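Structure first, commentary second.
The values are calculated or read from the model by the stated rules, or taken from the named source; none is laboratory data. Since the structure is predicted, the reported quantities are computational estimates derived from the model, not experimental observations. Quick reminder, even Gly has a Cβ in these numbers, built from the backbone with ideal geometry, and neighbours come from all protein chains shown. Side chains included, ligands, DNA and RNA excluded: accessible areas come from the protein's heavy atoms. Shrake-Rupley method; radii C 1.70, N 1.55, O 1.52, S 1.80 Å.
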Amino acid sequence: MGHHVKLPTVEELQLPADHPWRNVPKIGMTLGLVCFAVAWFAGGDHHQFLFAYLAAFLFTLGLALGSLFFTLFQHAASAGWSVVVRRTAENLMAPLPVFILLFLPIFFGRHELYHHWMDLEHAKHDPILVGKAPFLNEGFWMIRAAVYLSVWTVLSWWFRSNSVAQDTEGGEAITRKLQVTSYPGVIAFGLTITFAGIDWAMSLDPHWYSTMWGVYYFANSIVSAFALLGLTLLLLRERGVLEGVVTKEHYHDIGKFVFAFTVFWAYIGFSQYFLIWYANIPEETMFYSHRGGSWSNLGAALMVGHFAIPFLFLMGRSIKRYAPTLKAACIWVIVFCFLDIYYVVMPTHYKYGFSFGLTELLCLVGMVSIYAAVATRFMASAALVPHGDPRLKESLAFTNF
Amino acid sequence: MGNPAMKVYTEADQLSYPISERAPLVLGGNDFHGVTEVVTGLVERKPNWKWWAALAASLAMLSVYGISVAWLVWQGTGVWGLNNPVFWGWAIVNFVFWVGIGHAGTLISAVLFLFRQKWRTGINRAAEAMTLFAVACALSFPTIHVGRIWLLYYAAPLPNQMAAWPNFRSPLVWDFFAVSIYGTVSLLFWYTGLIPDLATVRDRARTKYRRMIYGFFALGWRGSNRHWQNYEVAYGILAGLATPLVLSVHSIVSFDFATSQVPGWHTTIFPPYFVAGAIFSGFGMVLTLLVPSRKWFGLEDVVTIRHLDNMAKIILLTGSIVGYAYGMEFFIAWYSGNPYEQFAFVNRAFGPYAWAYWIMLGCNVITPQVFWFKWCRTTPWFLFIISIFVNIGMWFERFVIVVTTLAQDFMVSAWDYYSPTIVDWGCFIGSFGLFCTLYTLFVRFVPQVAMAEVKSVMKVADPHHPAWEHAESVAAPATDEGASVAPPAAPDGGETAPDVPPSEEGAE
C-alpha cells in the first residue's frame, strides 16, 4: 500500500566496492578460457568436446533466455511485485550478445555435430533427409542462427539499457515504451527459442520430430532461470546486499515460480513422453530407445530429481520463505536442468551408455564461468535495482497474504 | 451510489491512470454499500418481462434438446450423421467445445487468484457459473453418445457381479474422471465464494422464505473474523487444487485424440495446445455473456471497461498460442517426412473440409489480432462481435480435428463425407438451450458479482483511504494483513462511515 515504505538510497542499491563478485569478471573469464583450452587440447577427442560444449552451451543459453523471458513478461503483465528483482534478471540476460562468440565452436564444428544432414554426401542417400533439405541445410541453418542470436542481442540490450536509463531519467515514459515493445518481444522470443531448440538439439537426430520440442526447451530454460534468479539474490543477501529491499516476500514469489515451472516442465515432459509411448510408432519412439541402457537411469533420475523432489520440497510455504532451504532447492533444480539438457544432447555422442567425463565437466565449468563473468560485469555497472521504476514503491511494500 | 466521501472514478480515469498506482476497479463513486445495492438489487427486484422472455426462449431451446435426445435414445445413434469412418461426429465436437468453454471460470478464480490479479473479482462469479453450466452441457454429450444411456454406469469403476471393469488404459475413462472431478471442484469453489454473498442476500431479505432459503445456503455465515479466516484458507487451498485441474482436464480431453496413431490426432503438442484453446474459448464465452449483461443489469461500474480490456488481452495471448500450435503442427507434419502426416494437414487446409479449416483459422488466429489495438479492446459492441467469432472458431476447431481427420483415414476406399442430420442440429442447438436456461436462472437467483471479493479490492478497502479519516472517532478500521482481503470491519452504526448498514456484514 506504499505507506510504510522506506526508500533505500541509491548507494545502498549498488554492488559494494569491496564485494568479491567484482573480481568475478576477470577470474571467470580466465577460468572459462582455461577450461575450454584444457578440454580441447587435453581431451583429445574433438567430437566429444563438441558435444560436451553443445550441452553446456544450450544449458547456459537457457539460463540467459529464461531471464530474458522473465524480464519480457514482467513488462508485458505490468507486474509490480518484481521490480526489485527485475534488474537481476536483466543482468542475467545481459550476456546474451556474448553467446554470439560462444556459438563459434558450434558454428565451426557444425559438420561434426550435425553431420547426418549437413553432409550432402551422407544425406542424399536418405529420402527422409532429402525431404527435409529445404529446412535442414547448411546455409539456412546458418541464417537462422544469425537471426536468433541477433534477436536475442537486440532484445537483451533494449530491455536492459532502457531500464538502466530509467535509473537516472525516472518517469513513466520508459515503462510505457518497454511495455509496448515487450509484446512483439515475447513473440520474437517464442519463435526464436522454439526454432533454436529444433535447430541445435532436435536436429541432432534428424529423423526424429516432436511438435512439443520447442515448448520443452522453453520449459527447462524457464525453470533454470527462475532458480538462478533466486540463487543469485540469495547469494547477494549473504553479504547483506539489498537487505530490506529484496525481502522474503520476493523470495517466496520466486520460489512459487520455481515450483510452478517445475510442474510445468514435468507436464510438458510427461505429455511428450506419454503420447509417444502410448502410440508406440517407431519413428517417434526412437528418441527414447536411443536413451536406453544406462541412459534410462538418467531418465528416471530426471523424473525424480527434476520433478518429484523439488515438487514435494517446494510445496511448503516456509520452505520458500527461508533462505537456506530455498537456496538448496535452487541449486538442486539448476543441476537437474543441466542434466535434462545432457540427456537430450549427449546420447548422440555416447551411443552405448551414460558417461560423464572431464571434458564435459570442463566445458560446463568453462561456459558457466564465462557467463558468470559477463553477468557480474553487468551487475557492477549499474544499480542492482531499477530505482527509477514508477512501481518501485509497490514492489518494496509487497507482501504475500 | 452517491456517497459524498467517495471519489467518483470514470472510465477515462481508469484507462489513463498513472503507472505508479493501480487503477480503480470499481467506478462511479460506489462505496461498499453501493456495490451491494448494484449487485443484490438484481436478485431482489421482481424480474421484468425481458427476463421472462429470455427464460421462455431458453426453455424452448432446451425442449428441442429434450426432443432430440428422446428420439436419439429411442432410435439409437444412427439418427445422427455418423458413418463409417466418421464414428465420432458432432457429439464429440460439442463435448470438447463445451468442456473448453468451461475452462475460463476456474482459470479466473484459481490461476488469476494465485497471480494476484485483482480485476478477476469483477467477473469470476459469472465466469464460474458459466463454467459449471458448460460442464453440464459437456457431460450430456458423452452420456447420450453411448447410445444405451442406461448402461452409462459401466464407465464408472463400480463393483459389479459381471466383474466388468472399465478399461483404465482408455483415455475415455480418464475423461470420465477428469471431467467429473473438474465439475465437482468447480462447484465447490463457486459455492465457497458464494457463501458471504448469500449471507448478504439473507440479511437483506424481506420475506420469511427468502431468508430461510438463502439462510440455508449461507451456512450460518456471520462475517466474523474467524469466518473470514477460514474462508481465506479454504479459498486458497481450493485455488491450489483447481489450478492443476485447469491444465489436466483439457490435457486429458486431448489424449482422447493424441494417444491414437491417427495422423492429425497424434501429435505431442496437443495437451498444452488444447489447454490454451480452452482458455481462449472460455474467455470468448465470458465476453459473449458479460458484454450484454453488464449493460442490461447495470453492472458497468463493477464489470468495467478495464475488465473487458484485460480479457481481450488474454484472448489475444491464447489465440496466438493456438496459432503457434497450428503452425507447429503443420511445420512438423512437413518436417516429419511422413507422407500420411503431410497428407492429413494438407487435406485439412485444401481438401473437402477446407471451408471449415479456414473458418477455424480466420476466427481463432486472425480475428483476435485486432486486439492489438486499444480501441478494439475497449469498445464493448466490438468485443461482443469478436467474441462470437471466437466461439464459432473454437467450435470449428473441434470439428476440424474430429471430422476431417476421420473422414479421410488410412483406407481410401473407406473415405466418406460427414453431414449432420436434423437430430445433430437439435442436440447442438438444444445444448445452448440447457446452457441459457441455467444462466438465466443464475442471473435471477444468485448475485452475479462476487461482492465480498470486489469490496476487498476497492480503493476504499485500504485502511488508509481518505474516506476513513473522518471515521476514526467511531472505530479504527482493521489494519492487519487480512484487511487487504476481507473488507475492513464496518464501524458499527457509524453514520459518517462510507460503509453499509450493519445488517450487511451480519450483526453478531
Determine the alpha carbon to alpha carbon distance for each of B:Lys118/B:Lys374; A:Lys177/A:Lys393; A:Lys327/A:Lys351; A:Lys256/A:Lys351; A:Lys132/A:Lys256 and list only those over 31 Å.
A:Lys327/A:Lys351; A:Lys256/A:Lys351; A:Lys132/A:Lys256
Between helix B:225-258 and chain B, what is the angle of the helix's C-alpha long axis to the longest principal axis, kept within 0 to 90° and rounded to the nearest 10?
10
One can check that the equivalent ellipsoid of chain B, built from the alpha-carbon gyration tensor with semi-axes equal to the square roots of five times its eigenvalues, has lengths in Å, largest first, of 44, 25, 20
Where the accessible area of chain B is counted over protein heavy atoms with a 1.4 Å probe, how much of it, in %, is carbon and sulfur?
68
Quick check on chain A: helices-only [θ] at 222 nm, where DSSP H runs of length 4 and up contribute -39,500 (n - 2.57) each and the sum goes over total residues. Nearest 500, please.
-23000 deg cm²/dmol
For segment B:205-213, in order, what is each residue's ³J(HN,Hα) by Karplus, 6.51 cos²θ - 1.76 cosθ + 1.60 with θ = phi - 60°, in whole Hz (x at glycine and Pro)?
5, 9, 10, 5, 5, 4, 5, 5, 5
Taking the Cα centre of chain B as the origin, how large is its charge dipole in debye, to the nearest 20, when only Lys and Arg (+1) and Asp and Glu (-1) carry charge on their Cβ atoms?
880
Under 4 °C and 1.567 mPa s, how fast does segment B:227-300 diffuse according to Stokes-Einstein, given a Kirkwood radius computed over C-alpha pairs? Answer in µm²/s, whole number.
86
Are there any helices in chain A, counted as whole DSSP H runs, that stretch 20 Å or more along their axis by Cα and score at least -1.0 on average by Kyte-Doolittle, and if so which?
A:24-43, A:46-76, A:138-169, A:173-200, A:213-238, A:248-279, A:323-345, A:358-381
Go through B:Leu289, B:Tyr353, B:Ser336 and say which Cα lies farthest out towards the positive end of the charge dipole of segment B:275-365; charges sit on Cβ, +1 for Lys and Arg, -1 for Asp and Glu.
B:Leu289
Residues A:Leu101 and A:Thr168, FRET efficiency given R0 of 25 Å [Cβ-Cβ distance, rounded to 0.05]
0.25
Zone reached by a paramagnetic label modelled 7 Å from A:Thr153 Cα along Cα→Cβ, restricted to segment A:95-113 with backbone N below 14 Å, covers A:95-104
Residue (of A:Gly366, A:Phe336, A:Gly171) at the positive-pole extreme of chain A, dipole from beta-carbon charges:
A:Gly171
Tell me the label-point distance for the pair A:His122, B:Ala53, using the 7 Å Cα-to-Cβ offset, in nm and rounded to one decimal.
7.4
What does the charge dipole of the protein assembly as shown about its Cα centre add up to, to the nearest 20 debye, if the Cβ of each Lys and Arg holds +1 and the Cβ of each Asp and Glu holds -1?
880
Label model pair B:Val73, B:Ser16: point-to-point distance (7 angstrom along the Cα→beta-carbon line) in nm is 6.0
What does the accessible area of B:Thr268 come to, in Å² to the nearest 10, when a probe of 1.4 Å is used?
10
For the protein assembly as shown, restrict the atom set to alpha-carbon positions and state the Rg and Dmax in Å.
29.0, 90
Cα extents of segment A:66-202 along the three principal axes, largest first (Å)
62, 25, 20
Let's test the formula: R0 of 60 Å, r as the Cβ-Cβ distance of A:Val130 and A:Leu33. What FRET efficiency results, to the nearest 0.05?
0.90
Evaluate the Debye formula for segment A:2-396 with equal point scatterers sitting on the alpha carbons, no solvent, and hand back log10 of I(q)/I(0) at q = 0.06, 0.07, 0.12, 0.13 Å⁻¹, in q order, two decimals.
-0.24, -0.32, -0.95, -1.11
With every protein chain in place, the residues of segment A:260-291 shedding 30 Å² or more of accessible area versus the chain by itself (probe 1.4 Å) are A:Tyr267, A:Phe274, A:Leu275, A:Tyr278, A:Ala279, A:Ile281
Rounded to the nearest 500 deg cm²/dmol, what is the calculated helix-only ellipticity per residue at 222 nm for chain B, with -39500 (n - 2.57) per DSSP H run of length n ≥ 4?
-19500 deg cm²/dmol
Can you check how the C-alpha radius of gyration of segment B:208-365 compares to 2.2 N^0.38 Å, as a plain ratio?
1.47
Pick out, from B:Val26, B:Gly100, B:Leu114, the residue whose Cα sits farthest towards the positive end of the charge dipole of chain B, with +1 on the Cβ of Lys and Arg and -1 on the Cβ of Asp and Glu.
B:Gly100
Return, ordered by residue number, the residues of segment A:343-377 whose backbone nitrogen is under 20 Å from a label point located 7 Å along Cα→Cβ of A:Leu235.
A:361-377
How high is the FRET efficiency between B:Trp375 and B:Thr184 when r is their beta carbon distance and R₀ equals 35 Å, given to the nearest 0.05?
0.25
The answer for the net charge of residues other than B:Leu290 whose Cβ lies under 11 angstrom from its Cβ, with Lys and Arg +1 and Asp and Glu -1, is +2
Between the modelled labels at A:Ser78 and B:Asn160 (7 Å from Cα along Cα→Cβ) the distance in nm is 5.5
Heavy-atom accessible surface buried between A and B, both sides counted, 1.4 angstrom probe, nearest 100 Å², is 4100
Can you work out the accessible area per residue across segment A:2-396, with the rest of the protein chains kept in place, probe 1.4 Å, in square angstrom?
38
